[in-house]
Structures are given as C-alpha cells and as structure tokens.
Amino acid sequence: MKYVSTRGGISPLNFRDTVFEGLAEDGGLIVPERVPKLSEKEIQDLSKLSYQELALRIFKYFVGDISQNELKKIIKDAYKNFRKDEIAPVLKVGEIYILELFHGPTFAFKDIALQFLGILFEKLLLENNKKINILGATSGDTGSAAIYGMKGKKNIAIFILHPYKKISEVQALMMTTVIEPNVYNLAIKGTFDDCQGIMKNIFMDLDLKKSLHLTTVNSINWARIMAQMVYYFWAYFRVCERENSYKIRFSVPTGNFGDIFAGYLARKMLGEDRIERLILATNENDILCRFINYGDYSVKEVKPTISPSMDIQVASNFERYIYYFYKENSQKTKNTMEKFAKEKFLKFDEDEIKRIKADFLSASISEEDTLRTIKEFYKKTGYILDPHTAVGVKAGLEFKEEFPLICLATAHPAKFPETVSKALGFPIKLPEEIKKLYKLPQKFEILPPEIEAVKKFIREKAI
Ligand SMILES: *Cc1c(COP(=O)(O)O)cnc(C)c1O
C-alpha cells in the first residue's frame, strides 16, 4: 500500500515513510492510496480472531514494507502492558454496549495507538541508526499516553510541556512519576495556551527542528489512526455474536476527529450496511456537530469543559474526511482547506448535508447533561462513566433506534475523579495503579513561560 496526500502534492510514500510524518509536505494529511472494501469471506475470517491477530490482519492491508513476523512482534509488545487479555472488552450495560478502551497504562484510549507507536518508532529508528526528540504540549491525556509509549525507548527522548498546577492531580502524577532518563516533564508556570505557544514557536525554528530531529506524536499521525481502526472491527464482531443483527451503530466522543475517522475507515472496509452510521458526540465545543447537522463549520472560541480532551475547535483530522467526502478529489480538498484557513469557516449546502448525514449523526452535549448522564447511568446500571464517555453515551441514546449501539469508553472514570465524584455525589474508588502514583517519586522541571528557557533546556538534554 502506498500513501498520498489529501492535497495531492507529494509522490507516493511507503508505510515506513509515513510513520514519522505529521503533515505531508504540501500541507495536506497522509491517507492510504486505497481503502480496501472487504469481501464477505474476508469479514468472516476476521470475526473469530483475538485482538492481536485481528490487528495483524488489518495492518497487513496497509503495511507493505514490514514483514508479517516483525509486525506480529510489534503488536504483541504493544499490547503486553494492558490490564485485560481482550485488550478492549465489550460489555453489555443496560441497553447498550460499552467498548472499554482504557485498560492501557494511562487509563485512556490513546494508549492503544501510542503503545504501538512507541514500539514501532524504536524499531525503525534502530534499523536506520537514527534518533528523534519528541516535543509536545498537553492539558492531560495525550501527554501521559505519549510518555508511556516512549519511556525507556532507545534513540528517543521526549519532552512534554504542561501548565504547572493547572491540570488535574492524577493527570500530572501520571506524567511526573515517570522517571526514565529519556522522559522530561516541563512544568511551565503559565497556561496551556502558553505551553502550546512555546511549542509552536520552537517548531518554527527550522534550524533547531532539523538539528535535533524534533517531531510530535499528534493525532494526525497515520499509524495512530491505523491502530485505532482495529477496535471498531473487534467490537463489531463481539456485538454481532450476541445480537441477531449484523447492522450496528457506534457513538464516539470526539475532539480532533481522529478516533471517529478510524471508525469511518473501518466502516468503508466493512461496508456501510454493517456500520449503519457513526454518531459523532461533542461537548459544548460543537464545531463538528454544527458541521454535520447544519453544514456550518465555523470556528468559535474554545470553551473549557469537564471533558477537557475534547475541548477543541479546529479538528486536525477533519481534512481527511473532506477528502473522502469529495470522492478523493485532492484539488477540491486543497481549495476547501485553503479557503477555511483564510476565512475560518466553511458552509455546506442542503445536498451536501444530506450526504454528510448518510455517514454521521451528531449531538452536542452540555456539561449539565454530561453530569446528569453520569449520575443516571450509574443509578440505572451501576456502571460509572467518565465525562468523555458520558458525552458519547448521551448522544448515542438520543438516536437509539432499532440498531444495537456501541459506545466508546475513552477514559477510565478515575482519571477524572473530581468531576465524576461530583456527578455521583460520592467519592469514587481509585484503582490501585492510580493510588500508587501518589507515593511514587516524581521528576519534573519547573520553567518560566519563556521560549528561550525551554529551548535551552531541550538543547541541553536532547539526544
Ligand atoms: C483524546 C480524547 C478524546 C477525543 O479523541 P479524538 O481522536 O481527538 O477525537 C476523547 N476522550 C478522551 C478521554 C480523550 O483522551
């Protein structure tokens, strides 16, 4: 399989070339040249596999330049630190199915992709005798999942900026208790915006970027998307086994459109008759919901909410959907995205909205409804949702019709103990692994919100 840019301006890449790429050189995003539509026979063959076997089979469609045995070993290593043998258990809870994606080391779904990416990075770097320095800014989940993916890996150093004392205690501890020598937590005396600003600025220093082989692990990375496709297949088969239906729906709490885009590709491969539609759930940062329901993709201020990992306005993977929406017409995609960059909004007409709605349903869920959903779902079923998952469950239930519904549980509730306890009216129990964090030694560097101070630190410690 070769890879191309959504904007059509690069020569085709191999999978290996995509692994360290963020944006394509023409400013577009990397997509596979073709998304295979599976035959009945192929689908049957996939339905009985273990999670890891399934991952191998799905990856083989997209990876032509890593041998089957090597890929198998990467997958095995990627998922060995998960707390459940099934990796992503599917539970029937009340009337719906919950796909638990939070059994990795940092208790959120980003582990599924980043554990895989860490192993893949290390292998490719060692083979090519190369080194990278990863730089990121986080307000929570991504930073810890990236740190756990990269810690202890050869030829990799990782620098993660977070706003000092401005993220939840659990989120901070999950990062600062990682004391491996290749991990640097930089607690910036400022806001998340300061952290992001510093990061962007450092990446604009092209000499530094080049000399230090600086890179990111953000959600536009193709290998991350590919790893996330697997659990849509996995959950689809588990629910088909139990229901007298081969047609199901997924509800996906969405920020950057990464996770749900993986679902969109899985739907292309399985067929639109099998995954009837994807329900795109947003919090009050509702740009994607407005896009689907009204054809209005216009940027507003980011509003901080109790589901912080979805507090996003411009969804970095949106362009990938636009590319398929325009039937892989890269010129049209390019024009559309350039128009958006200039005007900060896009408008889609009635016919287009109809086509979008054939792929997605969408609802935006308020904080009040999120809290109420956590409480009511617990009362009805005894199951505790984290705030992100609650957004997905609430949106999913708004559309519950004749199809079985699978809601993606993207984080463990103990990652957001303050919010969840407030919703329930009692303090929730923390898993041992999280309780333990409070007693572990920490390693972090407190720095002023100044570009030069951060640059100096990175220059000194980079590999
Ligand atoms: C990152 C994240 C999301 C949103 O995922 P996207 O791929 O950005 O849409 C949802 N829930 C949790 C807990 C997350 O960490």
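The values are calculated or read from the model by the stated rules, or taken from the named source; none is laboratory data. Note that this is a predicted model, so its numbers are computed, not measured. Here the Cβ is made from the backbone with ideal geometry for all residues, glycine too, and neighbour counts use every protein chain on show. We work out accessible area using only protein heavy atoms, side chains counted, and drop any ligands, DNA or RNA first. Shrake-Rupley method; radii C 1.70, N 1.55, O 1.52, S 1.80 Å.
Some values worked out for this structure:
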{"item": "Test result for Arg57, in contact with an Asp or Glu (Cβ under 7 Å, 6 or more places away or on another chain) and either within 30 Å of Cys407 (Cβ to Cβ) or not hydrophobic (A, V, I, L, M, F, W, C) (or both)", "result": "no"}
{"item": "Matching option when the condition is surrounded by fewer than 18 Cβ atoms within 10 Å (Cβ to Cβ) and within 16 Å of the ligand (Cβ to nearest atom), among Gln115, Gln196", "result": "Gln196"}
{"item": "Pick from region 414-427, criterion touching a helix residue (DSSP H, G or I) at 6+ places or on another chain (Cβ under 8 Å) and part of a loop (DSSP other than H, G, I, E, B), ranking: least open to solvent (accessible area, probe 1.4 Å)", "result": "Phe416"}
{"item": "Residue within region 293-311 that is open to solvent by 30 Å² or more (accessible area, probe 1.4 Å), under 25 Å from Asp111 (Cβ atoms), outside any loop (DSSP other than H, G, I, E, B) and of a type outside the set (Ser, Thr, Tyr) present", "result": "yes"}
{"item": "Looking only at region 230-264, and only at residues there that are of a type in the set (A, V, I, L, M) and within 13 Å of the ligand (Cβ to nearest atom), the one that is nearest to Leu114 (Cα to Cα)", "result": "Ala262"}
{"item": "Residue ID - least open to solvent (accessible area, probe 1.4 Å), chosen from residues in region 199-229 that are closer than 21 Å to Pro304 by Cβ and within 18 Å of the chain's Cα centre (by Cα)", "result": "Ser219"}
{"item": "Qualifying residues in region 141-188 (those that are more than 16 Å from the ligand (Cβ to nearest atom) and among the charged types (D, E, K, R)) - the one surrounded by the most Cβ atoms within 10 Å (Cβ to Cβ)", "result": "Lys153"}
{"item": "Test: residue in region 401-413 that is surrounded by fewer than 21 Cβ atoms within 10 Å (Cβ to Cβ) and in a helix (DSSP H, G or I)", "result": "no"}
{"item": "Inter-residue pairs, beta-carbon under 7 Å, first polar (S, T, N, Q) and in region 438-463, second at pLDDT 95 or above, 6+ apart", "result": "Gln442/Thr176; Gln442/Thr177"}
{"item": "Residue within region 246-253 that is of a type in the set (A, V, I, L, M, F, W, C) and either assigned to a helix (DSSP H, G or I) or open to solvent by 30 Å² or more (accessible area, probe 1.4 Å) (or both) present", "result": "no"}
{"item": "So Met204, is it among the hydrophobic types (A, V, I, L, M, F, W, C) and without any contact (Cβ under 8 Å) to a residue 12 or more places away in the chain", "result": "yes"}
{"item": "Filter result for Ile119 (out of contact with any Gly (no Cβ under 9 Å at 6 or more places or on another chain) and over 28 Å from Ser251 (Cα atoms))", "result": "no"}
{"item": "Of residues in region 265-286 being within 16 Å of the ligand (Cβ to nearest atom) and of a type in the set (A, V, I, L, M, F, W, C), the one surrounded by the most Cβ atoms within 10 Å (Cβ to Cβ)", "result": "Ala281"}
{"item": "Residue check for Glu350: modelled with pLDDT under 95 and away from the ligand (no atom under 16 Å from the Cβ)", "result": "no"}
{"item": "Hey, Arg290 within 12 Å of the ligand (Cβ to nearest atom) and in contact with a strand residue (DSSP E or B) (Cβ under 7 Å, 6 or more places away or on another chain) or not", "result": "no"}
{"item": "Boolean, Asn133 is closer than 20 Å to Asp17 by Cβ and modelled with pLDDT under 95", "result": "no"}
{"item": "Matching residues, region 162-198, being in a helix (DSSP H, G or I) and under 21 Å from Thr305 (Cβ atoms)", "result": "Glu169, Val170, Gln171, Ala172, Met174, Phe192, Asp193, Asp194, Cys195, Gln196"}
